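Okay, structure first, notes after.
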Amino acid sequence: MAILEIKQVKKRFGHDVDALDDVSLSVAEGEAVAIIGSSGSGKSTLLRSVNNLERVSGGEIVIDGDVLVHTDESGNVQYPPDREIRRICTKTSMVFQHFNLFPHLSCLENVTLAPVKILKKSKEESAAKARELLEIVGLSQKADSYPDQLSGGQKQRIAIARALAMDPQIMLFDEPTSALDPEITNEVTRVIEDLVRRRMTMLIVTHDMRFARDAASRVVFMDSGRIVEQGPPKQLFEHPESERLQEFIRSYQG
């Protein structure tokens, strides 16, 4: 059963820029789907459309049976009321490239804030869950620290714990390691790889080809707002069919 259905989604900026051009993608529960492609290929726009950070220009997105957006018979894009959108979007949780932690809150407070404010959980329950998540990302000792006391890799791991605190059904990662120094990238990818082993459903936009090859259950290659090719990592990286993907892989191999 697909937990996420993206059907013929389009996104146009202005009158002549098609960021997404008839994109369709089905994601099964427990899949870790890596989305790769050059800058400007539509990867992040697709991800942001799933949690309503971008409004699409056409198509349909269904999250665990709930319709986030669809296009009616007249070609009009239809979103549900804002309250329903917020409910649907709690099924996803996003980790951003630049962490987006609240600098005036401790790590523990960053992780507990959304469950208390949005899910209406008690502070005690949220704090207990947060400490479990900090243990999972290997930062239980940093509960009382503030973001400016952390390295970039530690900040991103806190951001992952914060996203997990919402108990999402789908995790969305937008270039989670691209703002990090290469030597500390591994500490973040190890956490994501642990989530893969836990069968967390994930969409991961990444430039890290090693991670896409070794950790993802499926790789999607995008170019010019379209999905050009997709399949198991071994198939895509060792036997790319399209000339565009062949060129892309050669560019990473030097």
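Here are the numbers for the structure shown:
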read-out	value
Residues (open to solvent by less than 10 Å² (accessible area, probe 1.4 Å) and either without any contact (Cβ under 8 Å) to a residue 24 or more places away in the chain or under 18 Å from Leu203 (Cβ atoms) (or both)) located in the range 141-174	Gln156, Ala159, Ile160, Ala163, Ile170, Met171, Leu172, Phe173
Residue identified as among the β-branched types (Val, Ile, Thr) and free of Cβ contacts under 8 Å to residues at least 12 places away in the same chain among Val111, Val191, Val116	Val116
Hits in the range 32-71 - residues which are closer than 25 Å to Met1 by Cβ, out of contact with any Leu (no Cβ under 8 Å at 6 or more places or on another chain), open to solvent by 40 Å² or more (accessible area, probe 1.4 Å) and touching a residue at least 12 places away in the same chain (Cβ under 8 Å)	Arg48, Glu60, Val67, Thr71
Pair list, Cβ under 8 Å, 6 or more apart: the range 230-254 residue part of a strand (DSSP E or B), other residue surrounded by 12 or more Cβ atoms within 10 Å (Cβ to Cβ)	Gln230/Leu25; Gln230/Arg218; Gln230/Val219; Gln230/Val220; Gln230/Phe221; Gln230/Leu236; Gly231/Arg218; Gly231/Val219
Verdict on Ala179 being buried (at least 19 other Cβ atoms within 10 Å of the Cβ), closer than 30 Å to Val56 by Cα and modelled with pLDDT under 90	no
Total residues in the range 188-215, condition within 14 Å of the chain's Cα centre (by Cα), closer than 28 Å to Phe13 by Cβ and of a type in the set (A, V, I, L, M, F, W, C)	5
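The values are calculated or read from the model by the stated rules, or taken from the named source; none is laboratory data. Only a predicted model underlies this, so the values are computations on that prediction, with no experimental measurement involved. So basically every Cβ, Gly included, is an ideal-geometry build from the backbone, and we count neighbours across all protein chains shown. Side chains are part of the model used for accessible areas, which takes the heavy atoms of the whole protein and leaves out ligands, DNA and RNA. Shrake-Rupley method; radii C 1.70, N 1.55, O 1.52, S 1.80 Å.
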